[in-house]
Every structure is written in structure tokens, then in C-alpha cells.
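A short worksheet on the structure shown next.
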Amino acid sequence: MATLFLVRHGRTKANADGILAGWTPGLGLDEVGRGQADKLGTRMAGIPVTGIVTSPLDRCQQTAGVVSATDGRPTPVVDARLGEVRYGDWEGRELKKLAKEPLWKVVQQHPSGVHFPGDGAESLRAMADRAVGAIREWDARIEAEHGPDAIWVAVSHGDVIKAILADALSLHLDQFQRIVVDPCSVSVIRYTPLRSFVVRSNDSGGDLAALVPPARKRRRSRRGTADSDAAVGGGAGSATPAGSSAGPGRGGTARPSSESSA
């Protein structure tokens, strides 16, 4: 089973100003966002990445570019299915004003029933379907090409990543607002034949080297289902102590942030 590092882009001026950016062209990282991306690049420097896929929007391509800057890493591939929600008439508006719209409560309480207004807008369900489909397709392709220990990176947007995580957790889309995804945070998913494992979510400072799968001495049989088994009792966790950058091991824990962002 390949390992997916799901990365949200760094902060933009729109994030800082409380503006719903959507597909606004030419919106790149601000100074804070560039610093976040540089920190992410440092954290991921020792990770053997075999593939990088990104949303076509500038803020994601800039973040993906920092991840790919390490020698030997592949050039990011753009996939529009990882692009931001098509918010339609909501795009470019202040969040504090949108919060007064009747649709806002529906977005909060029943997002699976939301279709944003305006030409070219989409529903949150349509966004989730395209994004999850893209992620699962890329995961299967990268594992087929590079083996079950392959690690790859997908760079996308807050609501998109929340929908992907909700799917991996077998949550209904109406529950995805419970998930927090901060700028330049990393969430880690492993898909297996029987289930998906969310190994870490909304991590903006933990040890990423601990998530590199260890070398396997021999392959287990059981028709590929052994990796789908959950550790009864919780398991031993990572072989690397918290805060250490020593040798890689399998595992990790969720590290939710105390801050949220638009």
C-alpha cells in the first residue's frame, strides 16, 4: 500500500483577509505562506517521494514546487480534479458577509446538499466525488508503478482535503466540517484492500520521517489483506520518539492544530 502525504497549500492574502478565494487567478502565497512552504520543504527533505500531484491553482503549484525542489524528486503533475471548490457567486467575497447568507447554515449543517449559486458553480458532493476519485486513481497508479512502499504527495485545498479525509474515515460528507485542515498542514493516508488508514491529520510540525514505511524483510501472503488489519489494542506506534529525527519507522499520531483558518 502506497502512502499519501496530503498537503494543503500555504497561506495566501485571501486567507489572511478572510476572503473566499475559490478559483481566483493569480493568487499566490503571501510572505507567511512562503515561509510555511519553506518549512514544509525542510520537513520533507528526507522523505523518498516518488510522485507529486497538484491542483492547477497558483498557491498549490507554488507549494508543490517547494516540495519538488529536493534533488531527484519528480516534477509535479497538475490534476484539475484536485482544484478548489467552484464556489460560483460566493467566490471573492468576505467570509463574514457570507456567514449572513441563508446558504451558510446549510454549508455548516448539511454540506452534502449544497450547490453553490452562479454560473459554473458546483455542489460539495460533486467536488468530493471528483477529488476522491482522483486520489484513489493516483494512489493505485503510483503503487502499481513504484511498489507498495511508495510515498507520494498531493497538494490541494482545505475543503477538498477535508472531503478526502472524510472519505478515508468512512464519514458522511455532512461530517466533513468536523475536520480541520490548516495552511501547509500534512495529512497522511494509507489505502489498503479492506480499508483506509488516516495515519496523521492537520500536522504542521511533527516528525514526518517517522511515517516512512520500514523496509520489509519478506512479503506477507494472506492475499494482500494483512496490511488492512488494524492493530488491536492500538499497537506500538512509531519507532521514532516524538520530536526525534532519528531513523524512520511506521506509525504516527494525529496532531490537530488549535487554530483554524478560512
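The values are calculated or read from the model by the stated rules, or taken from the named source; none is laboratory data. Here the structure is a predicted model, which means the values were calculated and not measured. Just the protein is used for accessible areas: all its heavy atoms, side chains included, with ligands, DNA and RNA removed. Shrake-Rupley method; radii C 1.70, N 1.55, O 1.52, S 1.80 Å.
Remarks
- Surface calculation, 1.4 Å probe, protein heavy atoms: Ile142 sits at approximately 10 Å² accessible.
- Stretchable slack from Glu31 to His110, in nm (0.36 nm times residue separation minus alpha-carbon distance): 24.9 nm
- Under 5 Å, built H, 5+ apart or other chain: amide partners of Thr54: Val77, Val78, Asp79, Val155
- Taking 0.36 nm per residue of separation and subtracting the Cα-Cα distance, full extension of the segment from Leu194 to Ala144 would add 16.3 nm.
- Solvent exposure of the stretch 1-142 amounts to 44 Å² per residue of accessible area, where only protein heavy atoms count and the probe is 1.4 Å.
- Listed by chain and number, the lysines whose alpha-carbon sits under 23 Å from that of Lys39, ignoring those within fewer than 8 places in the same chain, are Lys13, Lys162.
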